[in-house]
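Scroll down for the structure; my scribbles are underneath it.
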Amino acid sequence: MEDLPGAVGVLGPNLSQIGTVASTRGSMSAEAYLRESIESPTAYVVEGYAPVMPELRNSMSDEEFEDLIAYLVSKK
């Protein structure tokens, strides 16, 4: 993401517009899609990428999780 200095490499799909892209995934809201994607990393795997996202939810506080969801939803 261009607003994260020092972030380099390509391990997953581009997330710079994930708030918009997530709203087009299935019949759920962008927020619900992102929540499930973080809580269950293998629930949705973008074609062409290996399912390598670690399970992060258990290592975050509720506040950190909510902040992350809000940040990702804002990426339009």
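The values are calculated or read from the model by the stated rules, or taken from the named source; none is laboratory data. None of these values were measured; they are calculated from a predicted model. All Cβ positions, glycine included, derive from the backbone under ideal geometry; neighbour counts span all protein chains shown. Each accessible area value is taken on the protein alone, full model and side chains, heavy atoms only, with ligands, DNA and RNA left out. Shrake-Rupley method; radii C 1.70, N 1.55, O 1.52, S 1.80 Å.
What FRET efficiency would be calculated for the residue pair M28, E64, taking the C-beta separation as r and a Förster radius of 22 Å, to the nearest 0.05? Efficiency, rounded to the nearest 0.05: 0.50.
Could you please state how large a percent of the accessible area of the stretch 25-76 is carbon and sulfur, counting protein chains only and using a 1.4 Å probe? The partial results should precede the final answer.
Details: 1810 of 3580 Å².
After summing per-atom areas, the C and S share lands at 51 percent.
Quick one: 3J(HN,Hα) in Hz for the stretch 57-71, Karplus 6.51/-1.76/1.60 with θ = phi - 60°, rounded, Gly and Pro as x. Those phi angles translate into 3, 5, 9, 10, 6, 4, 5, 4, 4, 5, 5, 5, 4, 4, 4 Hz. With all protein chains kept in place, the per residue accessible area of the chain amounts to 71 square angstrom at a probe of 1.4 angstrom. For the chain, the relative contact order is 37 percent, taking Cα pairs closer than 8 Å that sit 6 or more residues apart in sequence and dividing their mean separation by the residue count.
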